[in-house]
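*Asks:* Take this structure first; my questions come after.
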Amino acid sequence: MASEDAPFPSGNPDEKELLLQWLGYLRGAVIRNLEGLDDRQARWQPEGKLISLIGIVSHLTGVEWRWIDGGFLGAVVDRNDDEFTPGPELTVEAAIRRYQQRGVATDDVVRSLLLTQRSPGDSWAEGKDLRFVLVHLINETARHAGHADSTRELPDGTTGE
């Protein structure tokens, strides 16, 4: 199921699946804010402040990559402020596709690990367990979903509910 189609979580006795349901639902809330926008509209920032909608998607894609691949798979990762203001080569369609692919990759890695598994101390996740990282990803995504709702609502009243 694509993230934008993820239903509101109804509960799950499997904690890992419950956390993934919430993360998927929130990813969808972010993506829904881009519906009907062209590339120019997706780059709009209210009064040049906040992050554009395409910047939010780009940033959240990077967040998941760093915390999962950099934290648990040994990938060499970094954070570049350019992810907040992607260039014109990143279209809305490409940004959404990358975010959805990242979501699938994140979910696959999470399902392959125990929630109590710790990342290496020298990784991006600095020895934190997977449960902590998932809660962090949910928090980060929720904060930016609200931010995306506000940014999207200002021009025409639409939100990504």
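*Asks:* Quick check on the range 64-112: of everything there that is among the aromatic types (Phe, Trp, Tyr) and within 20 Å of TRP22 (Cβ to Cβ), which residue is surrounded by the fewest Cβ atoms within 10 Å (Cβ to Cβ)?
*Replies:* Out of the qualifying residues, it is TRP65.
*Asks:* If only one of ARG152, ARG118 is more than 16 Å from the chain's Cα centre (by Cα), surrounded by 16 or more Cβ atoms within 10 Å (Cβ to Cβ) and free of Cβ contacts under 8 Å to residues at least 40 places away in the same chain, which one is it? Steps first, answer last, please.
*Replies:* Numbers: ARG152 fails: free of Cβ contacts under 8 Å to residues at least 40 places away in the same chain.
Every option except ARG118 fails the conditions.
*Asks:* When you scan the range 1-120 for helices (runs of 4 or more DSSP H) that lie fully inside it, which ones turn up with 1 or more residues that are farther than 30 Å from LEU154 by Cβ, in contact with a helix residue (DSSP H, G or I) (Cβ under 9 Å, 6 or more places away or on another chain) and of a type in the set (A, V, I, L, M, F, W, C)?
*Replies:* Result: 15-32, 92-112.
*Asks:* Right, next: Give me a count of the residues in the range 80-107 that are over 15 Å from the mean Cα position of the chain (by Cα) and farther than 23 Å from GLY36 by Cα.
*Replies:* Number of matching residues: 3.
A short reminder: the numbers here are calculations on the coordinates, not readings from a lab. What you see is a predicted model; the values in this text were computed from it and never measured. Note that we place each Cβ from the backbone using ideal geometry, even for glycine, and neighbour counts take in every protein chain shown.
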